[in-house]
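I have placed the structure first, in the form of structure tokens, so that the comments after it can refer back to it.
The values are calculated or read from the model by the stated rules, or taken from the named source; none is laboratory data. Source: prediction; values computed, not measured. Cβ coordinates were reconstructed from backbone atoms using ideal geometry, including for glycine residues, and neighbour counts include every protein chain displayed. Heads up: the accessible areas ignore ligands, DNA and RNA and are worked out on the full protein's heavy atoms, side chains in. Shrake-Rupley method; radii C 1.70, N 1.55, O 1.52, S 1.80 Å.
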Amino acid sequence: MKRIVFLCLFAFIFVLAALYKIDSRIGFVIHSGIWRLALQKGRILNESRGTRPHPTTTPISVLPPVMFVETTLTLKPQPLVICALESAARLYQDRPIYFFLRGLKNQTCLQNEAECPGLKLLTAFPNVQLLHLDPKVLLDGTPLATWYNEDKVYKEPYWIQTTSDGYRLVLLWKNGGFYFDTDVISTKKIPEENFLASESSDSVSNGVLGFQKHHSYIMDCMTDFVLHYNGGIWGHQGPTLITRVVKKSCPLPHYNKVQDFRCDARNLTFLHPSRFYPIHWTAWEKYFEVWKEIPKFEDSYGLHLYNYMNNKAKKMVVAGSNTLAENLFIKYCPSTYAFLIKKVKD
């Protein structure tokens, strides 16, 4: 009798366990199905409203900055300058964009759009920071601190270019990151960290530079800047300096095709001229001409528009002109085009 009771009890417990397992599976399937349906309906609803989940982005402080410098005291930079900043801000959203200006001792002009419309426009980009450039503060603690004398510098024929040549070296030394001239429109992210941009097989530019903080090559450039200073020769403190210092350790590459070259001795890469100079400086006016077909510049990371060459000609981007420059503005700096170019025509 006891044996029969024991078997019945065991069978009862077995049935209960089986029923619980089945019920759990049914519950899981039902709840999963409801959840899946809810997710699907939510996705369809979002798509019908034109919304998407916000992408996860790298915090701005993780990567070193992209830096620009305005050496004069102007607070109304040309549209090309604002375009250069905007194109970088749109492309390098994972980096802060620093714009150092000599004239920005305070930011009162930013309260009035009519006073400095270009700078006001840049404040709409969350990664752009407008910073006052104080030469003595900036150069302090570097070899250039002993060189700088404002009275002397202002008397030299190329003082704007020469001081700018010095500032960019110090900024790279102290911050690391990228330095771009204010006439460089960014088109594609640069995959290198330490690099020089070649203009030809025998010349390296200083209009675009990228280096880690405290890179030894930059220190050597600052030292050479002071030891062999000559402010009376155009480019002597800029591209000529960059070229002569790197040649001490690295032979300049000879380019037969679009290919970048490493120099392990200085831990840097020479970028092919097409990366930033697909149009040679001798043909700079082509940017302000109408092209039958707009080039794609697929090998380029940016385009240098040679504003220095344009100082006398003063060619401008004009709305409706269909020049190459206008098309670049429309594509890479649409806000600048809308507010500083198209608005003038309207």
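Would you confirm whether any residue within the range 160-172 is under 24 Å from Tyr301 (Cα atoms) and over 25 Å from the mean Cα position of the chain (by Cα)?
No; the residues of the range 160-172 include none that is under 24 Å from Tyr301 (Cα atoms) and over 25 Å from the mean Cα position of the chain (by Cα).
Please go through the range 87-103 and pick out each residue that is open to solvent by 10 Å² or more (accessible area, probe 1.4 Å) and part of a helix (DSSP H, G or I).
Hits for the range 87-103 are Arg90, Leu91.
Checking Ile160 against (1) under 27 Å from Trp281 (Cα atoms); (2) in a helix (DSSP H, G or I); (3) at pLDDT 95 or above, only one condition comes out false. Which one?
Of everything listed in (1) under 27 Å from Trp281 (Cα atoms); (2) in a helix (DSSP H, G or I); (3) at pLDDT 95 or above, Ile160 misses just condition (3).
Which of the residues belonging to the range 105-123 are assigned to a loop (DSSP other than H, G, I, E, B) and either surrounded by fewer than 21 Cβ atoms within 10 Å (Cβ to Cβ) or without any contact (Cβ under 8 Å) to a residue 12 or more places away in the chain (or both)?
Hits for the range 105-123 are Lys105, Asn106, Gln107, Asn112, Glu113, Ala114, Glu115, Thr123.
Could you run through the range 164-179 and say how many residues are touching a His at 6+ places or on another chain (Cβ under 9 Å) and closer than 12 Å to Val208 by Cβ?
Number satisfying all stated conditions: 1.
Okay, residues lined up against (1) over 21 Å from Asp183 (Cβ atoms); (2) of a type in the set (A, V, I, L, M):
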site	(1), (2)
Gln93	yes, no
Gln107	yes, no
Leu110	yes, yes
Leu121	no, yes
Phe125	no, no
Gln129	no, no
Asp134	yes, no
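Anything in the range 145-159 that is within 19 Å of His236 (Cβ to Cβ) and either of a type in the set (Asp, Glu) or within 24 Å of the chain's Cα centre (by Cα) (or both)? List them, or say none.
Glu156
Between Thr162, Thr142, which is under 22 Å from Gly238 (Cβ atoms), touching a helix residue (DSSP H, G or I) at 6+ places or on another chain (Cβ under 6 Å), of a type in the set (S, T, N, Q) and crowded, with 16+ Cβ neighbours inside 10 Å?
After ruling out the rest, the residue left standing is Thr142.
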